[in-house]
Amino acid sequence: MERDGGSAALPDRVVEDLLYLGCQGRLLEAVVREMSGSGQLGTAFADLDIDVRAMAIARAMRSFADGSGDLCHPGLLSPGPALAFGATPLEFLRHVTARGTSPASARAGGLSWHDTDRGLIGWGGPRGGTMTQVMAGAALAHRQRGEDRVALVFEERGALQGGGWHEGMSLSGALALALIVVVEDSFPPDSADATDLRAMAGVYGADFVSVGAMELVELYRLAADARQRALGGDGPVIVELRPLPDEERWALHDGLAEAAVADDTISERERVDTEAAATASVEHASERLGKEPGPSPEEALAPICAAAPPIRPWPRLDPPSPQARPVEELQGAAW
Amino acid sequence: MTAAIPTQVARTRSGEPATFLEAISEALWEEMERDESVFLMGEDIGEYGGAFKVTRGFLARFGATRVVDTPISEGGFTGAAAGAAHMGLRPVVEIQFMDFVSPAYDVLTNYIATSRYRGAGPLPLVVRGPVGGGSRGGPFHSQNVEMAFFHTPGLKIVYPATARDAKGLLKSAIRDDDPVIFEEHKGLYRAPHCRELLPDEDYVVPIGEARTVLEGDDLTVVTYGLMVHRSLEAAATLARDGARIEVIDLRTLLPLDEEAISASVRKTGKLLIVHEDTRTGGIAGEIAMRVNERAFEWLDGPILRVTAIDSPVPFSGELEDYFLPSVEDVVTAARYLLDY
């Protein structure tokens, strides 16, 4: 049964998904912060924020496992949307802890990874804005093939200060690409930020919406509408997520859970079961992580960096030189 | 109704010799006809046909979704090419003058080149455009950019010297699963001596293989691009004195065909490297080191190099002629080595 307003306006499975993802995100945030505090991870991870609003937006996209759904770049330090696109807590923890089993065999860091079958394009790089360019190109590819897919990219606000982001937006606006850019404002702003994001969106022909402590159901609808606008050929959409303290972000999640039970979208038992399942998935990932091997240089680097063994200098191979030492003498020598 | 075939892509099918530029156009056209995933991006490549008219007539044939005019934002559209490549397309990006590839340096070296390494899979894309001096373009329309990218694992760099190689190598680059920087010397684009009859069939030239343009056993000259032609002129001059010069056209700079280089050095015992790029940090230094590693004991003299001087490319014709390596420079250095 569906009614107007409240969580019941959404299909039950969407509400359950939002609750499940929120639980996973909250627990993972705590696990990573604890690991960072205890020195198991770099200090950069002490500031990890998983924004439940970002997960709601990502959940409003079409996510499939066969490469036919929407595409998402989940952001540098905010991996919540990756969970909404089918990543697991174990994959996430393997990645941040650079296990040998991580998606990139620990060759790359960042908090996101790449799996286009699930709709994930990940990178953690030195300069913000690049991913808006890349995702604009993905949107261009969708259009070329006549596919009703959008590209969703999460950028932190600092990216707006670099030219790369503007070049990506300029291209997206000029070609009216189906691109949704979510600007996460959850990090301390850089000191020289004079960006008027609303005005800037207008310059690039983009629709703009700014989101504070919006109920997740409403935000989900908003994101779904943005998706339809982008697919309609009206050009990109920029969504600004204004900063919220931890407790206010997670209060949105708790509010959804209470409303869902109150309006019978889910039962209290279902809510408890959902939370238990999410907790079990994170606990399993944490336990399993300790058994995962570290990276192997021979396996991880050899096929990438060197097509052939390094050439050792000087030995004359053919014909043999009277002056040259036999090659065998060079084996094991330190170079 | 099918759009008319532009003249610059119809030379071979008409049985006529093609210029270097027409060979590039033919390669692009044929690859776009062969594979729907191939598309073009760049500034003014659609209606205008590109600054050098390489893509004239392409828009009418392939439409705006496959011949994409972009804003003036090399970083932006090169990054977008990466996104399209992630989704299975094979973009070919035209940089109007390769001097302007520098705004795309970030995305090329940090994102595109590292894609395989980061577990993000191969990125099949080509970044191509005109390079080189001699056309009085000054410091912003005359540079050679290969060494800006040579140090970056994950990229390939191709720099052909003939129309046949340009077409075959560009086809290989487009079909390659890794990103390729493709440099085209604009001094060769319409040079009459570069006009040649190209094979009728769908041929490719493998990336990573040098070509011995002239065989000899007195001295090896390793070079590429326009300097292949200058080196051949020098070799002809020296031949009148009885010297037999071996000229190797690298064709691909990354990966470097060091086997071909060292095999030639083992034969001749002497090596001269000629490149139009500036001296410091030029590819000559790397080649010299590799010969040191692989063929040191065959050397009968120092390794020398003839290059542009370490300066931005000058605008004045007199200055530019002084700046660029000349045939006389190559002859002088070669005679020094021959007499060594």
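The values are calculated or read from the model by the stated rules, or taken from the named source; none is laboratory data. The shown structure was predicted, so the numbers you read here are calculated from the model rather than taken from an experiment. Here Cβ is always computed from backbone atoms with ideal geometry, including for glycine, and neighbour counts include all displayed protein chains. Side chains included, ligands, DNA and RNA excluded: accessible areas come from the protein's heavy atoms. Shrake-Rupley method; radii C 1.70, N 1.55, O 1.52, S 1.80 Å.
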Between B:ALA60 and B:VAL204, what is the spin-label point distance in nm, taking each point 7 Å from the Cα along the Cα→C-beta axis? 3.1 nm
Using only the Cα atoms of the protein assembly as shown, each taken as one equal point scatterer with no solvent, compute I(q) by the Debye sum, divide by I(0), and report log10 of the ratio at q = 0.06, 0.09 Å⁻¹. -0.41, -0.83
Please label the shape of region B:212-259 as rounded, prolate or oblate, based on the square roots a ≥ b ≥ c of the eigenvalues of the alpha-carbon gyration tensor (a/c under 1.5 means rounded; beyond that, a/b larger than b/c means prolate, else oblate). oblate
If the viscosity is 1.567 mPa s and the temperature 4 °C, what translational diffusion coefficient in µm²/s does Stokes-Einstein give for region A:83-123 when Rh comes from Kirkwood over Cα pairs? 130 µm²/s
Could you size up the charge dipole of region B:211-339 around its Cα centre, putting +1 on the beta carbon of Lys and Arg and -1 on that of Asp and Glu, and report it in debye to the nearest 20? 260 debye
Using a 10 Å cut-off around each Cβ of peptide A:170-181, what is the average number of partner chain Cβ atoms that fall inside? 3
Under a 1.4 Å probe, counting only protein heavy atoms, B:ASP300 has an accessible area in Å², nearest 10, of 90 Å²
Dimensions (Å) - chain B, Cα atoms, principal axes, largest first: 64, 46, 41
Just the Kirkwood number for region B:7-194, please: inverse of mean 1/r across all distinct Cα pairs, in Å, one decimal. 16.3 Å
Among A:GLY129, B:GLN8, A:HIS142, pick out the residue whose Cα is farthest towards the positive end of the charge dipole of the protein assembly as shown, where Lys and Arg carry +1 and Asp and Glu carry -1 on C-beta, about the Cα centre. B:GLN8
How much length is gained on full extension from A:GLU147 to A:ASP254, taking 0.36 nm per residue of separation minus their Cα-Cα distance? 34.9 nm
Along Cα→Cβ, 7 Å out, is where each label goes; now give me the distance between the ones at B:GLU293 and B:ASP310 in nm to one decimal. 2.4 nm
Give the Debye-formula value of log10 I(q)/I(0) at each listed q (0.15, 0.17, 0.19, 0.29 Å⁻¹), with one equal scatterer per alpha carbon of region B:121-177, two decimals each. -0.54, -0.68, -0.82, -1.24
Say R0 is 45 Å: what FRET efficiency, to the nearest 0.05, do A:ASP117 and A:THR195 get from their beta-carbon distance? 0.80
What does the structure give for B:132-145 when I average, per residue, the other chain Cβ atoms found within 10 Å of the residue Cβ? 0
Convex hull volume per residue in cubic angstrom - Cα atoms of region A:63-176: 94 Å³
Debye, to nearest 20: dipole size of chain B, +1 on Lys, Arg Cβ, -1 on Asp, Glu Cβ: 320 debye
With springs only between Cα atoms under 10 Å apart, run a GNM on chain B and tell me which of B:GLY281, B:GLY79, B:GLY216 wobbles the most. B:GLY281
Once the whole set of protein chains is in place, how much accessible area is left on A:ARG149, using a 1.4 Å probe, in Å² to the nearest 10? 20 Å²
Go through A:215-222, B:161-168 and give me the packing order, highest mean Cβ count within 10 Å leading. B:161-168, A:215-222
Where Lys and Arg each count +1 and Asp and Glu each count -1, what net charge lies around B:ASP44 among other residues with Cβ under 14 Å from its Cβ? -3
Order by protection proxy (mean Cβ within 10 Å, highest first), peptides A:134-144, B:41-51: A:134-144, B:41-51
Quick check: pseudo-label points 7 Å beyond the Cα along Cα→Cβ at A:GLU270 and A:THR88, how many nm apart are they? 2.5 nm
Once you have the Cα-Cα distance between A:GLU34 and A:ALA213, take 0.36 nm times their residue separation minus that, and quote the gain in nm to one decimal. 61.8 nm
Which order do the peptides B:224-231, A:160-167 take when ranked by the mean count of other beta-carbon atoms within 10 Å per residue, highest first? B:224-231, A:160-167
Which residue, chosen from B:ALA234, B:VAL131, B:ALA27, occupies the Cα position most advanced towards the positive end of the dipole of chain B, where the dipole is computed from +1 (Lys, Arg) and -1 (Asp, Glu) charges on Cβ about the Cα centre? B:ALA27
Nearest-0.05 FRET efficiency for A:GLU298 and B:ARG195, computed from C-beta distance (R0 51 Å): 0.50
On alpha carbon coordinates alone, what is the Rg over Rh value for region A:7-289, Rh being the Kirkwood radius? 0.95
With respect to the cross-link table entries B:LYS53/B:LYS171; B:LYS156/B:LYS267; B:LYS171/B:LYS267, which display a Cα-Cα separation exceeding 30 Å? B:LYS171/B:LYS267
Given a Förster radius of 41 Å and the C-beta distance between B:ASP300 and B:TYR322 as r, what FRET efficiency does 1/(1 + (r/R0)^6) yield to the nearest 0.05? 0.85
Averaged across the residues of B:110-118, what count of C-beta atoms belonging to other chains lies within 10 Å of each residue's C-beta? 6
Summing +1 for each Lys or Arg and -1 for each Asp or Glu, what net charge is found among the other residues whose Cβ lies under 9 Å from the Cβ of A:ASP185? -1
Considering only B:LEU337, B:GLY317, B:SER262, whose Cα is most displaced toward the positive end of the charge dipole of region B:211-339, charges sitting on Cβ of Lys, Arg (+1) and Asp, Glu (-1)? B:SER262
Residue-wise HN-Hα coupling along region B:230-247, computed from phi with Karplus coefficients 6.51, -1.76, 1.60 (Hz; x: Gly, Pro): 5, 5, 5, 4, 4, 4, 5, 4, 5, 5, 5, 8, x, 7, 10, 9, 9, 10
May I ask for the net charge around B:ALA308, where only other residues with Cβ less than 9 Å from the Cβ of B:ALA308 are counted and Lys, Arg are +1 while Asp, Glu are -1? -2
Let me know the Kirkwood hydrodynamic radius for region B:211-339, please, with Cα pairs as the basis and the value in Å to one decimal. 14.5 Å
Run the dipole for the protein assembly as shown about the Cα centre, Lys and Arg Cβ at +1, Asp and Glu Cβ at -1, nothing else charged, and hand back the magnitude in debye, nearest 20. 1460 debye
